[in-house]
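Working notes, beginning with the structure itself.
The values are calculated or read from the model by the stated rules, or taken from the named source; none is laboratory data. If you're wondering where the values come from, they're calculated on a predicted model, not measured in any experiment. No Cβ is skipped: glycine too gets one built from the backbone with ideal geometry, and neighbour counts run over all protein chains shown. Accessible surface is based on the protein model in full, side chains and every heavy atom, while ligands, DNA and RNA are left aside. Shrake-Rupley method; radii C 1.70, N 1.55, O 1.52, S 1.80 Å.
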Amino acid sequence: MTVDHIRKRRTPLAGEFPRTPPGTVPVADSEVTTYTFGADVFDAMLDSINNAKHTILFETYIWKADEVGHQFKDALIAAARRGVDVYLIWDTFGNLVVDPRFYRMPDLPTLHALRFPLFRGGFLTLNVRKTGLDHRKMLVVDGETGYVGGYNIGSLYRTQWRDTHVRVEGPSVWELQNAFVDFWNDHRRSFHPELPDTGAHGWEPRIRAAQNEPSRLLFPVRGLYLEAIDRAESHVYITQAYFIPDREILATLIAAARRGVDVRVLIPEVSNHVLADWAARTYYTRLLEAGVTLWLFKGAMVHAKTMTVDGRWSTIGTTNIDRMSMTGNFEVNLEFYDDDLAAQMERVFTTDLTNARQLTHEEWTGRSRGTRVLEYLTKPFGPLL
Ligand SMILES: O=P(O)(O)OC[C@H](O)CO
């Protein structure tokens with residue numbers, strides 16, 4: 001946690017960047033909309049909250065006490081006051097710098113709030129099941145509309161960061177609802193009501209949620225990434241805020257590039273995590289030598305956690321390609337096996353590349369001695385981040 005705190009100290013660039021408008025495609029029996037601009041997704045989420053009829057499930061890693069944070073808080077409380085059952089979860093660690101008074105909620109029978117604790121019993125005995133942050137960001141309204149992706153809640157993210165969220169409308173919302181219910185029922189306090197666990201009404205393989213759950217020693221999102229890269233025969237487009245691949249993900253990416261797959265990784269040129277940026281650089285030589293291309297997003301932070309493969313398969317979620325997300329935190333990703341959604345994700349990627357510069361092997365090998373020393377010093381932190 002200390003390392004995580006240190007690495008989040010830098011204020012990233014917050015400039016203009018090209019936008020892909022929200023795009024909706026049908027996937028199985030649901031409608032899937034991708035969002036790549038904060039104002040679009042926040043407005044849609046607030047609209048869903050304001051029109052909720054019976055249930056709201058809201059979960060976030062960061063919830064800032066700023067204008068956007070207050071808009072969400074006010075809308076959620078207003079929904080509870082008009083009789084909607086509202087369930088809230090936010091992470092303690094993600095909000096350590098926020099005034100705790102912001103999280104005081106009115107005492108309403110319809111409002112149920114769970115602050116995910118910093119320490120849980122067993123933490124000091126290094127019980128892995130008791131570790132991990134709630135790094136998830138999702139919203140489910142009336143079991144009919146669900147959102148998940150990289151967006152935390154805050155004004156900074158409304159216009160200044162490039163991120164990706166997805167909205168699902170239709171039967172596959174069950175995937176996100178079930179993820180919330182599992183988490184709530186596992187971590188609720190004795191005074192919280194239990195949420196009904198319905199089981200899946202149908203089994204739809206084209207949209208599936210994967211949840212990383214340290215409390216159950218389950219980290220399937222990592223498996224999703226490894227499996228999809230291993231299957232690739234044409235192209236792999238990855239967009240990540242913090243890109244610190246572990247041994248297997250690195251090896252799988254390198255193997256794909258070596259067999260001729262066009263592997264592109266888009267990351268911020270300058271992120272808000274100085275240590276993460278430097279740790280990521282220690283992998284560049286091996287990736288570039290294998291033929292993976294690295295694209296640096298200019299002028300603004302890109303915070304998305306997505307990958308699309310071969311025009312067939314995509315994932316959008318909360319999981320970074322770093323150790324903390326892949327094998328440390330609570331996370332949720334949706335995987336989509338659908339050509340139209342993959343085409344939409346490729347359109348987003350193509351637009352993003354117009355605001356990125358390629359880091360060439362020549363530029364990388366010509367970097368200064370000072371840079372190399374810093375990389376050497378940062379290398380031990382990579383597996384911790
Ligand atoms: O942990 P993430 O991926 O939600 O990113 C959080 C940002 O770094 C906030 O500073």
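Please verify whether I49 is crowded, with 20+ Cβ neighbours inside 10 Å, under 22 Å from the mean Cα position of the chain (by Cα), more than 16 Å from the ligand (Cβ to nearest atom) and of a type in the set (A, V, I, L, M), treating the condition exactly as stated. Taking the combined requirement at face value, the residue satisfies it. Among the residues of the range 333-342, those that are of a type outside the set (D, E, K, R) and either outside any helix (DSSP H, G or I) or open to solvent by 40 Å² or more (accessible area, probe 1.4 Å) (or both) comprise N333, L334, F336, Y337.
The set of residues in the range 78-94 being open to solvent by 40 Å² or more (accessible area, probe 1.4 Å) and part of a helix (DSSP H, G or I) consists of A78, R81.
When G69 is tested against (1) within 16 Å of the ligand (Cβ to nearest atom); (2) part of a loop (DSSP other than H, G, I, E, B), just one condition goes unmet, and that condition is (2). Taken together, G121, G83, G69 contain a single residue that is under 19 Å from G149 (Cα atoms) and either out of contact with any Ser or Thr (no Cβ under 9 Å at 6 or more places or on another chain) or among the small types (G, A, S) (or both), which is G69. Residues that are over 17 Å from D246 (Cα atoms) and assigned to a helix (DSSP H, G or I) within the range 202-235 comprise P214, S215, R216, R231, listed in sequence order. Scanning the range 95-106 for residues being part of a helix (DSSP H, G or I) and exposed (fewer than 11 other Cβ atoms within 10 Å of the Cβ) gives a total of 1.
Identify all residues within the range 55-77 that are farther than 20 Å from E331 by Cα and open to solvent by less than 50 Å² (accessible area, probe 1.4 Å); write none if there are none. Within the range 55-77, T55, A65, D66, V68, G69, F72, K73, A75, L76, I77 meet the criteria. Residues of the range 130-165 that are within 11 Å of the ligand (Cβ to nearest atom), surrounded by fewer than 22 Cβ atoms within 10 Å (Cβ to Cβ) and outside any loop (DSSP other than H, G, I, E, B): L156 alone. Scanning the range 313-324 turns up at least one residue that is within 14 Å of the chain's Cα centre (by Cα), closer than 21 Å to H187 by Cα and surrounded by fewer than 24 Cβ atoms within 10 Å (Cβ to Cβ). Assessment of the range 107-129 against the conditions (within 13 Å of the ligand (Cβ to nearest atom) and surrounded by 15 or more Cβ atoms within 10 Å (Cβ to Cβ)) yields no matching residue.
Residues in the range 166-180 that are open to solvent by 10 Å² or more (accessible area, probe 1.4 Å) and closer than 30 Å to G15 by Cα: R167 alone.
If the condition is being within 16 Å of the ligand (Cβ to nearest atom), out of contact with any Ser or Thr (no Cβ under 8 Å at 6 or more places or on another chain) and hydroxyl-bearing (S, T, Y), then the range 242-286 contributes only S271.
The set of residues from the range 32-61 being small (G, A, S) and either under 16 Å from V140 (Cβ atoms) or modelled with pLDDT under 95 (or both) comprises A44, S48, A52. Among the residues of the range 291-302, the one identified as open to solvent by 10 Å² or more (accessible area, probe 1.4 Å) and in contact with a Pro (Cβ under 8 Å, 6 or more places away or on another chain) is L296.
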